[in-house]
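> Shown below is the structure under consideration.
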Amino acid sequence: MKFLRGLLNNIEVGARRPLLVRRESVGNIGARKRLLFASDLHLRKNGPRHIVEGLLEIASRECPDFVLLGGDLVDSRSGLEALQSLVRRLSRVAALGAVAGNHDRWIGVDRVRAAVSEGGGRWLEDVPWLLTPGCAIYGSRKQPVQSASYHLLCTHHPVASARPFNLTLSGHLHGGQFVFYQRQGRLYPGAFLYRWNGLRFDDNDGRTLLISRGVQDTLPLRWNCPREVLIVEI
């Protein structure tokens, strides 16, 4: 009976539970900024509304200095209107930048970029974003390095930390929606099959990779893997 209660408490069907706010700190950057990172929104027609409102409530409460969206923003063309509306409302809280994920490329990057831009956001894959004179944000590893003290990479697919990026923010926790246990920041059994099935990776040079468990899924079924938004102090 205890096992059954634990099983039922950890399962989520239909993305109905409130979003978890996961807090991280990357102290060696020293930009004195707070960012909100949300990935894998998988928006469809009308959002759904409780996903959109949950994101907006967290953003309003946390008052980030900027917002980054890490790809897989829509699941269908019907989600483009919801995305544009969400970006517009989030942009009233803080400046916003976004990149595409694999689902967005299936829908059409130009369509997703237009929804973000028309909502008042920046498309980070076009040009880097010099947030402050000392902090640059990139949407691709191939973009020219800016003259800044700190460099952040926003990407959908996790990649190994590399110069010049002090911090990489990623989504795409595929294979990790069913978690039996965690060890050294990795989520199992998914980590047996996928190197970056984990939450945080710090290397010996002081670079950090943060991976989000995501806001939503195409198949809304999870076990012991809460949907989340990251609040990161840098």
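> So what does log10 I(q)/I(0) come out to for region 1-122 at q = 0.09 Å⁻¹, using the Debye formula with one equal point on every Cα and no solvent?
-0.29
> Just flag the chymotrypsin sites (Phe, Trp or Tyr not before Pro) in region 148-234 sitting in loop per DSSP whose Cβ has no more than 13 other Cβ atoms within 10 Å.
Answer in residue order: PHE180.
> Considering only region 115-167, what is the antiparallel percent among its DSSP beta bridges, to the nearest 5?
Within region 115-167, antiparallel bridges account for around 40 percent of the total.
> For the chain, what is the relative contact order in percent, using Cα pairs closer than 8 Å and at least 6 residues apart in sequence?
For the chain, the relative contact order is 27 percent.
> Mark the label point 7 Å from the Cα of CYS63 along Cα→Cβ and return the residues of region 96-116 whose backbone N is within less than 20 Å of it.
Residues passing the 20 Å test: 96.
> Turning to a different aspect of this structure: In whole percent, and with a 1.4 Å probe on the protein chains, what portion of the accessible area of region 1-88 is carbon and sulfur?
The value for region 1-88 is 52 percent carbon and sulfur by accessible area.
> Another one. If I compute solvent accessible area with a 1.4 Å probe over the protein chains, what percent of it on region 125-234 is carbon and sulfur?
54 percent
> How large are Rg and Dmax for region 13-57 when calculated on the C-alpha trace, in angstrom?
Every Cα atom of region 13-57 included, Rg and Dmax give 13.9, 41 Å.
> Another one. Only bridges with both residues in the chain count here: give the DSSP antiparallel percent, nearest 5.
The answer is about 35 percent antiparallel.
> Counting only heavy atoms of the protein chains, get the accessible area per residue of the chain (1.4 Å probe) and round it to a whole Å² value.
Value returned for the chain: 47 Å² of accessible area per residue.
> Quick one: Cα centre-to-centre distance for region 172-191 and region 119-141, in angstrom?
Using only Cα atoms, the two centres lie 30 Å from each other.
> For a Förster distance of 22 Å, can you work out the FRET efficiency between the beta-carbons of ASP202 and SER149, rounded to the nearest 0.05?
After rounding to 0.05, the efficiency reads 0.70.
> Under unit Cβ charges (Lys, Arg +1; Asp, Glu -1), what dipole magnitude, rounded to 20 debye, does the chain have relative to its Cα centre?
Taking the Cα centre of the chain as origin, the dipole is about 440 debye.
> On to the next question. Go from 0 up to the bin containing the longest alpha carbon distance in region 148-234, width 10 Å each, and give me the % of pairs per bin.
Per 10 Å bin, starting at 0, the Cα pair percentages come out as 17, 50, 27, 6, 0.
> What shape does region 66-108 have by the C-alpha gyration tensor, where a ≥ b ≥ c are the square roots of the eigenvalues, rounded means a/c under 1.5, and otherwise prolate means a/b greater than b/c and oblate the rest?
Oblate, since a/c reaches 1.5 and b/c is not below a/b.
> Can you tell me the relative contact order of region 65-119? Whole percent, Cα pairs under 8 Å, sequence separation 6 or more.
Result for region 65-119 is 50 percent.
> Could you order GLU125, GLU57 by accessible surface area, starting with the largest, using a probe radius of 1.4 Å?
GLU57, GLU125
> Given region 85-139, what whole percent of its Cα pairs are spread farther than 19 Å?
Of all Cα-Cα pairs in region 85-139, 28 percent lie more than 19 Å apart.
> Considering every pair of different Cα atoms, what Kirkwood radius, in Å, is found for the chain?
17.8 Å is the Kirkwood radius here.
The values are calculated or read from the model by the stated rules, or taken from the named source; none is laboratory data. Note that the structure is predicted; figures quoted are calculated from it, not measured. Glycine also receives a Cβ, built like all others from the backbone with ideal geometry; neighbour counts cover every protein chain displayed. Side chains are part of the model used for accessible areas, which takes the heavy atoms of the whole protein and leaves out ligands, DNA and RNA. Shrake-Rupley method; radii C 1.70, N 1.55, O 1.52, S 1.80 Å.
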